[in-house]
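Q: Below are the structure tokens for one structure; questions will follow.
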Amino acid sequence: MEKLNVLFLCTGNSARSQMAEAILRKYGGDYFVVYSAGLEPSKVNPYAIKVLDEIGFSTEGQYSKPISKYAGRMDFDYLITVCSSAEERCPIFPGVGTRLHWPFEDPAAFQGTDEEKTGKFREIRDQIKTRILAWLDEMDFPPESK
């Protein structure tokens, strides 16, 4: 079976889309080639890396990328926006099969102590993981490991 290309899109490609990329890569690696990008890329948020590392998800090779790296240059079976801003502002470009919108709260916007911020990133990480596992189940793709 040929792997399906999936692109997660967010505004900064720093947290939610990065977490989604790492999580789908781990759980759906046999079925998907996973990418992420941002409308206004910045850098990967250290809290996103921290909370993924805590549960054994690799972010090796991941970095913040602009949507222009992919728009019109690659075909995607799925384009999944993970924030409302990206959904509203995402350009329509050729080569996208199915477009989905999974809105998640921006953990980087949360104000608090280091411990509270880490907790918010864990919360959003777990929401993304739950949504990806449900999607794999809906599509009848068994996750590689839970």
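Q: Here's a check for you: in the stretch 16-58, which residue that is surrounded by 17 or more Cβ atoms within 10 Å (Cβ to Cβ) and of a type in the set (Val, Ile, Thr) is nearest to SER85 (Cα to Cα)?
A: VAL44
Q: Which residues, taken from the stretch 1-15, are in contact (Cβ under 8 Å) with a residue 60 or more places away in the chain and surrounded by 21 or more Cβ atoms within 10 Å (Cβ to Cβ)?
A: Restricting attention to the stretch 1-15, the residues satisfying the condition of being in contact (Cβ under 8 Å) with a residue 60 or more places away in the chain are 4-12, 14-15.
Correct list: VAL6, LEU7, PHE8, LEU9, CYS10, THR11, GLY12, SER14, ALA15.
Q: In addition: Working only within the stretch 52-84, note down all residues that are within 19 Å of ALA109 (Cβ to Cβ) and in contact with an Asp or Glu (Cβ under 9 Å, 6 or more places away or on another chain).
A: THR81, CYS83
Q: Continuing with the same structure: What pairs come up if the first residue lies in the stretch 32-53 and is in a strand (DSSP E or B), the second is β-branched (Val, Ile, Thr) and surrounded by fewer than 20 Cβ atoms within 10 Å (Cβ to Cβ), and their beta carbons are under 7 Å apart, counting only those six or more places apart or on different chains?
A: If the second residue must be β-branched (Val, Ile, Thr) and surrounded by fewer than 20 Cβ atoms within 10 Å (Cβ to Cβ), no pairs are left.
Q: Still on this model: Those residues that are at pLDDT 95 or above, surrounded by fewer than 13 Cβ atoms within 10 Å (Cβ to Cβ) and under 17 Å from SER14 (Cβ atoms), I need them from the stretch 106-139; list them, please.
A: Scanning the stretch 106-139 gives a single hit, GLN111.
Q: Here are the criteria: (1) touching a Pro at 6+ places or on another chain (Cβ under 9 Å); (2) closer than 19 Å to ARG125 by Cβ. Tell me which single one GLU21 does not satisfy.
A: Every condition holds for GLU21 apart from (1).
Q: Take the residues in the stretch 74-103 that are β-branched (Val, Ile, Thr) and assigned to a loop (DSSP other than H, G, I, E, B); name whichever of them is surrounded by the fewest Cβ atoms within 10 Å (Cβ to Cβ). Talk me through it step by step, then tell me what you get.
A: Looking only at the stretch 74-103, we keep the residues that are β-branched (Val, Ile, Thr), and these are 80-82, 92, 96, 98.
Add one more test, that the residue is assigned to a loop (DSSP other than H, G, I, E, B), and what stays is 82, 92.
On the way: VAL82: 28, ILE92: 8.
The extreme case among them is ILE92.
The values are calculated or read from the model by the stated rules, or taken from the named source; none is laboratory data. Everything numeric here is computed off the predicted structure, so don't read it as measured data. Cβ atoms come from the backbone with ideal geometry, glycine included; neighbour counts cover every protein chain shown.
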